[in-house]
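S.K.: Supplied in structure tokens, the structure appears directly below.
The values are calculated or read from the model by the stated rules, or taken from the named source; none is laboratory data. All values reported here derive from a predicted model rather than from experimental measurement. When we count neighbours, we look across all protein chains shown, and the Cβ atoms used for this are built from the backbone with ideal geometry, even at glycine.
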Amino acid sequence: MKKISCVLATAVFAGAVFSSISPSAEAADFMPIYAKPTAEFPFTDVPEDHMGSILALYQNEFFNGVSADKFGWSQTIKRIDAAMITARGMGFRNEFSSPNEVSTFKDIPDRAKGAVAFLQSYQVVNGKTKTFFGSNDTITRGEAAIILSRAYRGVLVTPTKPVHHFTDATGRYAEAINKLVATGIVNGVTPDQFGTNIPIQRGHFAIMVARLSDPALSPPSPYGDLPSSERGLMMEAEKKHYRLPSDTSVSLTLTNTAAFSYERNRMYRLEKKQGDKWRQIQYVTGLQFPADMPRIEAGETQKINLWFGEFKTLITVGEYRASHTFYPSTDEGEKVSIAAYFTITE
């Protein structure tokens, strides 16, 4: 299999997400080479230059195909399916409890009720009316821009003036489109048209989600280089190499050889190496941790498991570390920050 790069664009995304919708222009300017099916990547209708992004979404369970070997790249996408994918990108997981709020819409299928209630609780989606979501309607590029800009507001640039020349990016669409373009997520269908009212294709929606979920947009780690062992406390990963989707978590071993115990909270940091910087892999929206401070006693060894599903940023191929700050139980010691290093491979 050809090596797939799952490291998405790092700061400014080169090229347009969408080519012109004119058939003649598409035939002249966009002749994609489609991916070949493999055990890791089953879809044959994805352009090869987007294979890495779609693989990352597939492995992180954001998207499935429309069949065993078709992603449905050029198909339109329903509002309800776009909502479920957006909720997944924000961190909604069926394994976690849904918000107490119940969706006010009457046309939501059972499979999507939790996701839509989640999005409503964070004011991400509106309906066609107060009680009608329009689940089976196709979602337009403008509607997708609004929903995704709300869901990923924490990673978007907020420009003070328009950064494009789209004459159809007006009214309720203006701010969302401007933020997405400024962040480098999407361009228009032509230099002066965003294509606000055009139904968005599954492939184009997927690329927007992949770019918005890229660790490159996550905040940098406040920590520099971190040791794996400090003042009698050591942390290491059970394996040096993990692989998606067969590996769904990283197992950590804590060993305390100091003469005193250390306290810790339950929230470990997961970070990815991007260039020469570490970027934070963000936990899912609304995830809460117990407030207690468990100890690791002198001479004790503990096992910790970090589930990848607890994080909303895409987990892709690269160098990672799980880090934490520990606090000594006596006044004699000092707090220590250590990390366990591992890689995720193809």
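S.K.: Just to verify a result, which residue in the range 87-111, among those that are modelled with pLDDT of 85 or more and more than 23 Å from TRP307 (Cα to Cα), is surrounded by the fewest Cβ atoms within 10 Å (Cβ to Cβ)?
M.R.: Looking at the filtered set, the residue picked out is ASP110.
Here's the yes/no breakdown for (1) more than 27 Å from GLU61 (Cα to Cα); (2) without any contact (Cβ under 8 Å) to a residue 12 or more places away in the chain; (3) surrounded by fewer than 22 Cβ atoms within 10 Å (Cβ to Cβ):
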{"position": "PRO222", "(1), (2), (3)": "yes, yes, yes"}
{"position": "GLU238", "(1), (2), (3)": "no, no, yes"}
{"position": "TYR242", "(1), (2), (3)": "no, no, yes"}
{"position": "THR248", "(1), (2), (3)": "no, no, yes"}
{"position": "LEU254", "(1), (2), (3)": "yes, no, yes"}
{"position": "ASN265", "(1), (2), (3)": "yes, no, yes"}
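S.K.: A further question on this structure: What number of residues within the range 44-65 are outside any helix (DSSP H, G or I) and either touching a residue at least 24 places away in the same chain (Cβ under 8 Å) or charged (D, E, K, R) (or both)?
M.R.: Total satisfying the criteria: 8.
S.K.: Looking at the range 88-108, is at least one residue touching a Pro at 6+ places or on another chain (Cβ under 6 Å), outside the structural domain of LYS36 (by TED's automatic domain parsing) and among the aliphatic types (A, V, I, L, M)?
M.R.: No, the range 88-108 contains no residue that is touching a Pro at 6+ places or on another chain (Cβ under 6 Å), outside the structural domain of LYS36 (by TED's automatic domain parsing) and among the aliphatic types (A, V, I, L, M).
S.K.: Collect the residues in the range 267-293 that are over 21 Å from the mean Cα position of the chain (by Cα) and surrounded by 12 or more Cβ atoms within 10 Å (Cβ to Cβ), keeping them in residue-number order.
M.R.: MET293
S.K.: Same structure again: Is there a residue in the range 140-151 that is buried (at least 17 other Cβ atoms within 10 Å of the Cβ), in contact (Cβ under 8 Å) with a residue 12 or more places away in the chain and in contact with a His (Cβ under 8 Å, 6 or more places away or on another chain)?
M.R.: Within the range 140-151, one or more residues are buried (at least 17 other Cβ atoms within 10 Å of the Cβ), in contact (Cβ under 8 Å) with a residue 12 or more places away in the chain and in contact with a His (Cβ under 8 Å, 6 or more places away or on another chain).
S.K.: Would you say THR316 is surrounded by fewer than 20 Cβ atoms within 10 Å (Cβ to Cβ) and among the β-branched types (Val, Ile, Thr)?
M.R.: no
S.K.: Here are the criteria: (1) at pLDDT 95 or above; (2) surrounded by fewer than 22 Cβ atoms within 10 Å (Cβ to Cβ); (3) over 28 Å from PHE92 (Cβ atoms). Tell me which single one THR160 does not satisfy.
M.R.: (1)
S.K.: To continue, here is another question. Evaluate the following for PHE194: is it in contact (Cβ under 8 Å) with a residue 40 or more places away in the chain and either acidic (Asp, Glu) or crowded, with 17+ Cβ neighbours inside 10 Å (or both)?
M.R.: Answer is yes for this residue.
S.K.: Tell me, please, whether a residue that is outside any loop (DSSP other than H, G, I, E, B), over 20 Å from VAL209 (Cα atoms) and among the basic types (Lys, Arg) can be found in the range 101-110.
M.R.: no
S.K.: Assess whether PHE133 counts as being in contact (Cβ under 8 Å) with a residue 40 or more places away in the chain, under 20 Å from the mean Cα position of the chain (by Cα) and part of a loop (DSSP other than H, G, I, E, B). Walk me through it before giving the result.
M.R.: Values: in contact (Cβ under 8 Å) with a residue 40 or more places away in the chain: yes; under 20 Å from the mean Cα position of the chain (by Cα): no; part of a loop (DSSP other than H, G, I, E, B): yes.
Judged against the criteria, PHE133 is not a match.
S.K.: Return yes or no: is GLU300 over 30 Å from TYR122 (Cβ atoms) and either without any contact (Cβ under 8 Å) to a residue 60 or more places away in the chain or outside the structural domain of TYR242 (by TED's automatic domain parsing) (or both)?
M.R.: yes
S.K.: Any residue in the range 164-173 that is without any contact (Cβ under 8 Å) to a residue 40 or more places away in the chain, under 30 Å from TYR58 (Cβ atoms) and touching a helix residue (DSSP H, G or I) at 6+ places or on another chain (Cβ under 8 Å)?
M.R.: Yes.
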